[in-house]
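Colleague: Have a look at this one before I ask anything.
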């Protein structure tokens, strides 16, 4: 199951990279939720609907995608951990380069829960204002 879960996790990241909510929809379960760890304003819980809406918003916030560079992918049982970097250019022309570790938990072959680790302070200053333009729940979760 680890190999299949790894592929779903990578497909999830591809969806995030491309702002493809339809692809993400196929990767996440009906009760999926994500928790952005950290102390920034973007930290907190997001439900399935907000995950999909945020992914769709990424298409306009980062027109060229996150430009992900995948590092380590580790899977065991119902968990997959992915380490990666993003080197995006935002819609306002500013660079957005961050480092990430995502910890995915799977249920029935779909993502049930995701813990996100990245520099939330950088996200607050660069991405938060652009997401807030598209809806407060995108910037602050639910």
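Colleague: List the pairs whose first member sits in segment 87-111 and is in contact (Cβ under 8 Å) with a residue 24 or more places away in the chain and at positive phi, whose second member is surrounded by 14 or more Cβ atoms within 10 Å (Cβ to Cβ) and in a strand (DSSP E or B), and whose Cβ atoms are under 9 Å apart, counting only residues at least 6 apart or on separate chains?
Modeller: Correct list of pairs: 108/29; 109/29.
Colleague: Go through (1) in contact (Cβ under 8 Å) with a residue 12 or more places away in the chain; (2) closer than 16 Å to residue 79 by Cβ and name the single condition residue 50 misses.
Modeller: Going through the list (1) in contact (Cβ under 8 Å) with a residue 12 or more places away in the chain; (2) closer than 16 Å to residue 79 by Cβ, residue 50 breaks only (2).
Colleague: Across segment 42-73, which residue is nearest to residue 31 (Cα to Cα) among those that are in a strand (DSSP E or B) and touching a helix residue (DSSP H, G or I) at 6+ places or on another chain (Cβ under 6 Å)?
Modeller: Only one residue tops the list, namely 73.
Colleague: Moving on. Tell me whether segment 108-117 contains one or more residues that are closer than 22 Å to residue 10 by Cβ, at pLDDT 95 or above and either out of contact with any strand residue (DSSP E or B) (no Cβ under 7 Å at 6 or more places or on another chain) or not in a strand (DSSP E or B) (or both).
Modeller: yes
Colleague: Give the residue that is farthest from residue 87 (Cα to Cα), with candidates limited to residues of segment 2-39 that are touching a helix residue (DSSP H, G or I) at 6+ places or on another chain (Cβ under 6 Å) and in a loop (DSSP other than H, G, I, E, B).
Modeller: 38
Colleague: Turning to a different aspect of this structure: Give segment 60-77 a look and list any residue that's more than 11 Å from the chain's Cα centre (by Cα) and surrounded by 16 or more Cβ atoms within 10 Å (Cβ to Cβ), or say none.
Modeller: Of everything in segment 60-77, those that are more than 11 Å from the chain's Cα centre (by Cα) and surrounded by 16 or more Cβ atoms within 10 Å (Cβ to Cβ) turn out to be 61, 62, 65, 68, 73, 75.
Colleague: Please determine whether any residue of segment 65-87 is over 23 Å from residue 6 (Cα atoms) and at pLDDT 95 or above.
Modeller: no
Colleague: Okay, next question. Would you pick out the residues in segment 74-97 that are more than 21 Å from residue 28 (Cα to Cα) and part of a strand (DSSP E or B)?
Modeller: Scanning segment 74-97 gives 85, 86, 87, 88, 89, 95, 96, 97.
Colleague: Ok, one more. Of the residues 40, 65, 59, 75, only one is touching a strand residue (DSSP E or B) at 6+ places or on another chain (Cβ under 8 Å) and closer than 19 Å to residue 131 by Cα; which?
Modeller: 65
The values are calculated or read from the model by the stated rules, or taken from the named source; none is laboratory data. Keep in mind the model is a prediction, meaning the values are calculated, not measured. Positions of Cβ are generated from backbone atoms using ideal geometry, with glycine treated the same way; all protein chains shown enter the neighbour counts.
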